[in-house]
1. Relative contact order for segment 183-318 using alpha-carbon pairs under 8 Å, separation at least 6, rounded to a whole percent?
2. Ignoring everything except DSSP H segments at least 4 long, calculate the 222 nm mean residue ellipticity for the chain; use -39,500 (n - 2.57) per segment, divide by total residues, nearest 500.
3. Figure the gain on full extension for Lys301 and Asp417 (residue separation times 0.36 nm, minus the Cα-Cα span) and round it to one decimal in nm.
4. Per the 1.4 Å probe, what fraction of the accessible area of segment 248-331, in percent, lies on carbon and sulfur atoms?
5. Hey, if we sort Lys115, Lys447, Lys344, Lys301 by accessible area with the 1.4 Å probe, largest down, what's the order?
6. Could you please put Asp222, Asp106, Asp466 in sequence from largest to smallest accessible area, using a 1.4 Å probe?
7. Ratio of segment 271-338's C-alpha Rg to 2.2 N^0.38 Å, to two decimals?
8. Can you give the extra length, in nm with one decimal, that the chain gains between Asn464 and Leu309 once fully stretched, where that is 0.36 nm per residue apart less the Cα-Cα distance?
Amino acid sequence: FLPSGEAFVPSVRHVSKRDQTPGSAGAIPCREGCHPLLATTQGATDGFDEKQRDFTIGYLNKHHGDLLTSFAIAFTELGVEMTKRNRYSGGSYRILDAILVDVSTDAITLDVTVKEREKKEPSVERVECSLDASVVKGARGGFKDLPLIPPPEEGAAASPIDQFIRRMNRLCVMVRQPSVTGKLTQLGLQIQPEGNRVGEVKENLFLNQVPHNRFVRQYFYDMAASSALEAVIACSEGKIPNRMKLQMMFPEVNPGMDSYRIGTLLELTRQVAIHLAEQNLRCRICVQQSLGVGIFTGTPKQLNGVATLLQRMDWQAGDGEENEGILGDYIRFGAIGTDHVMNKHTDRDGNVIEQDDVFLIVCPQNMVGLESSIIPYLQEMVEAAGDRPVILINPDLTDKISSQGQQSVRGRQERLDFEHSFKTIFEFSNIYVSGTSYFPILGSIFKESISAPWVAHQRRDLTNGDERYIPILSTEERPDGELIMETFVN
């Protein structure tokens, strides 16, 4: 699905666990820092084998020469020289074009054509551009610096090619060509072996068909549960704060659509909770209680009956079942507030009650009316939890219409700061034509885990009846709607 239509035939064979066993027949030693699959090909260097490198170089030279020229201007010493020479006399030193001659996991090598006013013929300069480069001082073109891409954690599944593509995408955004990031992400998906590839969404989801197939739901449940566990581990190691949110907004879990299915939300919550409990983490699932004053009390319709339904679900926790004894010990239920944060203590009978390790809060949201903001209760609970992970599932903490200005003016900045303090650890949200027209689905915004980039996809129907989500944009921060739609048009 690259714009050029080229097809890449990978030279990396499938390697079974038996083949990777040291000393086994046909096993090829893996260089330090090299992805195991890539190391199975003779001649693989720096994460690229010969075919992958040639395809990458050929594709970038054929379709993105202007991007390579911008790289030479923004990130190399030639850009510095051009800025100095043109300071007093414009046009004294011009960079005409650039050709990619080599790639590695740390840098790209360019042959840059330069035209100097005092020389009749252009000259070619070979320069190296670091993938962690910053914009050279004085560079023209409105380029801006961005934070470096963090290196993958030890034992992480990210391959060297994924890291190369992600760092190249950072440079693309810096030189104001974000639309190229989607094409580079497609390139990374095409040249890599099958497996867990950054930015990939499973094909043939058919989310326009409601109810969804069970395998579709399970696909999202598994991704959300894995991302929650990864985030909890990172929090325990002090790498990220304990305030997190998990956003799942395909049609069956979008309360703004008449396709909303409460069972899908409950199954999602159950999957995440069980996955955490399997790692000996005690998890408390909290559902918002009634809010309001006097006769003006109630719960949002999205949460009506959820607390009861959660406890009546089949958790496979009975005698002889798969999760025997998990309820009450490793999975507990509660509401939002300090009263539902359990610390380690001894009860009246002398039994030691262990503390809650993780808090899952299901769809916390404000309601229309006075004294109906969930923020104060949530703030108190988060503070009582200390440094323990608090994960909000599909939160909606925006202010609602209320009398006496409680949710409109007073304390608004404080509420916004609190809302923004929760870091996204997973998100899959569909993109529609407009806010009131839910079909057809145009694409999605996807963040697979706490360590993954944001990727916007365009949904495409193929002539054979299949459906695929094609990456069109990849950034480190959540892209806004204007940038996404501009990329869609381009």
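1. 18
2. Rounded to the nearest 500, it is -9000 deg cm²/dmol.
3. 39.1 nm
4. 45
5. Largest accessible area first, the residues go Lys301, Lys344, Lys115, Lys447.
6. On the way: Asp222 70, Asp106 95, Asp466 40 Å².
From most accessible down to least: Asp106, Asp222, Asp466.
7. 1.32
8. 51.7 nm
The values are calculated or read from the model by the stated rules, or taken from the named source; none is laboratory data. As the structure is a computational prediction, the values presented were derived from the model and not from experiment. SASA here: full protein model, heavy atoms, side chains in, ligands and nucleic acids out. Shrake-Rupley method; radii C 1.70, N 1.55, O 1.52, S 1.80 Å.
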